[in-house]
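The values are calculated or read from the model by the stated rules, or taken from the named source; none is laboratory data. What you see is a predicted model; the values in this text were computed from it and never measured. Note that we place each Cβ from the backbone using ideal geometry, even for glycine, and neighbour counts take in every protein chain shown. Heavy atoms of the whole protein, side chains included, go into the accessibility calculation; ligands, DNA and RNA do not. Shrake-Rupley method; radii C 1.70, N 1.55, O 1.52, S 1.80 Å.
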Amino acid sequence: MDITVNGRFLSVAADPETPLLYVLRNDAGCKGVRFGCGTGHCGTCMVIIDGKAVQSCDVPVSAVAGKSIQTVEGIGTLEQPHPLQRAFVEEQAAQCGYCITGIIMSAKALLDANKNPSDDDLKEALSKNLCRCGTHQRIVRAIKRAAVEMRKL
Amino acid sequence: MAENTARRKLPGSLETNRKLSQWLDINADGTVNMRPGKIEIGQGILTALRQIVAEELDVNLNRVKVVTAVTAMSPNEGVTSGSRSIEESGSAFRYAAAEARELLLARAGAKLGATLEQLSVSDGVVCARGGASVTYWELTDASLLDREATGEARPKPPAQHKIVGTAAPRVDIPRKVAGLPVYVQDHEPSGMLHGRVSRPPSYSAELIGVKLDDVRAMPGVVAVVRDGRFLGVVAEREEQAIRAARRLAREAKWSEKPTLPEMNPRYLLDWPEKTEVISEKKGAAASAGREFSGEYTRQFLAHASIAPSCATAQYDDGKYTVWTHSQGIYPLRGELAPALQVPPEDIVVRHVEGAGCYGQNAADDVALDAALLARAAPGRAVRVQWMREDEFAWEPYSSAMVVKTRATLSDDGRISAWHLDVWSHGHSSRPGRADDGTNLLAALHLEKPLKRAPAANPPLPGGGSHRNAIPIYEFPNQRVTNHLVPDPPLRVSSLRGLGSQTNVFAIESFMDELAVAADVDPIEFRLRHLVDSRARAVVEKVATMANWKPKQQLAGNLGRGIGFARYKNLAGYMAIIAEVELAETLRVLRVWSAVDVGQTINPDGLINQMEGGIIQAVSFVLREEVKYDRERVTVRGWDDYPILSFAEVPQVVVGLINRPELPAVGAGEGQQGPVAAAVGNALFNASGVRLRDMPFTRERLLAAMAA
Ligand code: FES
Ligand code: FES
């Protein structure tokens, strides 16, 4: 099966019904896509497919053949972070940080579609993400900071 | 020097790990290695420890590199828990680094022909008054720190601090937000296999039979393991391991018995217990007054880490390497050894960071699972990831609790007598805590099971179930009794704050009830019974922050309440005011907090921890309870154990009282009780409804409002 991850073609030898999450982590090497529940309840595995935030544990790999998948590794790097990643560092918006990459992907899908989201838009966009450490307040601040930066681009 | 001089007492963990080179290396390449035995669990501890080392050595923060904990190399600092890291590891590093600096200065003085008074240091460059200079990196060699600490070096006085006390950005965050493989879940030695365990359906389930052949024949399956009630698989690919484990679960036939009590903490009152009076004061005979009493409970709570526990292990020639997010690598090794039937020296335990755990979750359990499955596939690493349902059904919970209070309120509006009784199971089952036996899950399920260790309480003054059971208020007559129920029906271990959440909830709810009875504002009523000036300061500060007005009634369905405690009665002071709204549901809108944890090492890190602790504590009190029927824990996923969502979190404001002259204590815990009480008191203020059973679910609210 052929998929495209962060612009790279990848041929995988997985069963068609394998959740995309495991293919991304183990075949594509994208460990920033994290396992949290495997049942679509926590958002740690969030990726962007055709512009929409999708929980990759909830999609069989066969359903994304031919589509373009973006993971957190595809939006920026340690050396050249995406404005969202930079904003999370600036706001120190992490405790354990395990939830953060999924949240960044939800936020990116939102900001790509809506440059000026309201607080309610933000809450709606994050309704599929959980954070157990209680970092919510800083996370929201970081996303707002990134929105300002991205409007300047 | 004579070898027989008495061993002197050294600060913090230096006492048990006495060599300077165990803690620090000064490297010729211009860097400093530090080796904490404590680990990062999202609390920013490594950043705070780095600040201390950089401060005492007078080097820039970015020169200091952290070497993560591994048995055989790192200092044995036991377990990272109870917010003691800053006290134990922090003072060890402070004194070790101060001594290293003195040793370097002595060498520099000799080299430059200057006295110590003529030397100054800036980022590792030592300058003599005349202008000659030499760097640490030129002065260092292997012998420099190869000696026992004297504990005599004098750390800097707080007034000279330039790095400690500033908001240093955390070192781990850039890598985490970039999605780099930093967690144990991401660790992948080459050729790694994937393991999964098929747990019994309930604690008491007996395995009647299981067919393994069909599972062995499944695609990718490398090994199927059965040892007593322990069933597991190893496969080439992760999804293959998951599928095989599910199949194995279907193939296994179990018989179950109804061994669990009813899902009401009051079962504790009827079970066998050990009773101990932990505080007794008999002052002046109680004056005339009115008697009041209360009964407060909470259900079992789950850690519910966002990431189910995970470990990787490899077995080669009878020896094991285990990569784990355990909070105590040495204690874990000590319990893995008997379960694997090898001496501890044959096991290397390496710490790799995990997600936030807030106490002891299944990190230790999965380490044994991984080692057992690795034994079935020698020479290749095996990664075992617990599934969400494994974590919810099998992690060690925080014990259910019942607290009863009784007090006499004298006619002058003071409490003249106070009684408090706590019923609970023990609050720690961590590896290494018991003299005998273990609580590692698989060890109890093997064909030849090890003995189960009892859940115990850390001793007072910190305490476990009795943590914060003794009120900090001054009452002339007082009796506090701990009823420890030794045999828990569910697995239990430590969760943030241990028993303090329920004890403080009870004390602070009851104080509010008594304030109402005395017709006094609850803040004034507290101050009336509070002598400790630091305690009074946080209560007064939070009142100012929230613009608290005595006996204020807010408009609409809003209400405000206060909760306060000094964590463990010896650590940080925290006062909380919550504002709630009672509409369709009970919502917490805003929380103000004032905190005094002595010297502040990293203010932003402290605020981050406070915010997190507060939001999680709101989730505990509003929502959280582990559901079970007479046979099984019935929580399997987030639907069964909902936590606060982005739409529901309150706005949190944190105010710090910095006391640079006082030792730093941790701030990772201690919010739980004050927050729970503040929410309960705010609900009463909003509606006249008093809830004494946690969590404050909709059903409970409706029932209380109807009554
Ligand atoms: S792992 Fe996909 S939603 Fe939780
Ligand atoms: S920062 Fe730990 S779960 Fe969000």
Self-check item: Residue that is nearest to the other protein chains (Cβ to nearest Cβ), among those in segment B:645-656 that are under 24 Å from B:THR600 (Cβ atoms) and open to solvent by less than 30 Å² (accessible area, probe 1.4 Å)
Solution: B:VAL652
Exercise. Among the residues of segment A:85-112, write down those that are at the interface with chain B (Cβ under 9 Å from one of its Cβ atoms) and surrounded by fewer than 24 Cβ atoms within 10 Å (Cβ to Cβ).
Key: A:ARG86, A:VAL89, A:GLU90, A:GLN92
Practice problem: Would you be able to tell me the number of residues in segment B:346-387 that are within 11 Å of chain A (Cβ to nearest Cβ), crowded, with 24+ Cβ neighbours inside 10 Å and outside any strand (DSSP E or B)? | Solution: 7
Quiz item: From the list A:LYS123, A:LYS115, A:LYS128, which residue is away from ligand 1 (no atom under 16 Å from the Cβ), within 30 Å of B:GLU669 (Cβ to Cβ) and open to solvent by 80 Å² or more (accessible area, probe 1.4 Å)?
Solution: A:LYS123
Quiz item: If you scan segment A:35-51, which residues turn out to be closer than 13 Å to A:LEU20 by Cβ, open to solvent by 10 Å² or more (accessible area, probe 1.4 Å) and within 7 Å of chain B (Cβ to nearest Cβ)?
Solution: A:GLY38
Self-check item: Boolean, A:LYS123 is away from chain B (no Cβ under 13 Å) and free of Cβ contacts under 8 Å to residues at least 12 places away in the same chain
Solution: no
Quiz item: Among (1) open to solvent by less than 10 Å² (accessible area, probe 1.4 Å); (2) within 16 Å of ligand 2 (Cβ to nearest atom), which single condition is B:GLY605 missing?
Solution: (1)
Quiz item: Based on what the data block shows, is A:THR18 within 16 Å of ligand 2 (Cβ to nearest atom), β-branched (Val, Ile, Thr) and not assigned by TED's automatic domain parsing to the domain that holds A:HIS136?
Solution: no
Quiz prompt | In segment A:2-18, the residues that are within 16 Å of ligand 1 (Cβ to nearest atom) and at the interface with chain B (Cβ under 7 Å from one of its Cβ atoms) | solution = A:THR18
Quiz item: Which of (1) at pLDDT below 95; (2) within 27 Å of B:ALA400 (Cβ to Cβ) does B:TYR296 not meet, given it meets every other one?
Solution: (1)
Quiz item: Failed condition for A:THR39, given (1) within 14 Å of ligand 1 (Cβ to nearest atom); (2) in contact with a Ser or Thr (Cβ under 9 Å, 6 or more places away or on another chain), with all others met?
Solution: (2)
Exercise. Quick one: in segment A:77-125, of everything that is out of contact with any Ser or Thr (no Cβ under 7 Å at 6 or more places or on another chain) and within 12 Å of ligand 2 (Cβ to nearest atom), which residue is farthest from B:LEU180 (Cα to Cα)?
Key: A:GLN92
Quiz prompt | Residue pairs meeting the criteria (Cβ under 9 Å; at least 6 apart or on separate chains; first within 16 Å of B:PHE475 (Cα to Cα), in segment B:266-285; second surrounded by 15 or more Cβ atoms within 10 Å (Cβ to Cβ) and among the acidic types (Asp, Glu)) | solution = none
Quiz prompt | Residues that are over 11 Å from B:ALA244 (Cβ atoms) and open to solvent by 30 Å² or more (accessible area, probe 1.4 Å), drawn from segment B:211-231 | solution = B:LYS211, B:ASP213, B:ARG226, B:ASP227, B:ARG229
Practice problem: Residue by residue through segment A:1-51, note down the ones that are charged (D, E, K, R), under 16 Å from the mean Cα position of the chain (by Cα) and farther than 14 Å from B:GLN385 by Cβ. | Solution: A:ASP50
Quiz item: Given the structure, is A:ARG141 open to solvent by 50 Å² or more (accessible area, probe 1.4 Å), within 16 Å of ligand 2 (Cβ to nearest atom) and over 16 Å from the mean Cα position of the chain (by Cα)?
Solution: yes
Self-check item: Counted residues, segment B:153-181 - those being within 13 Å of chain A (Cβ to nearest Cβ), open to solvent by less than 30 Å² (accessible area, probe 1.4 Å) and touching an Asp or Glu at 6+ places or on another chain (Cβ under 7 Å)
Solution: 2
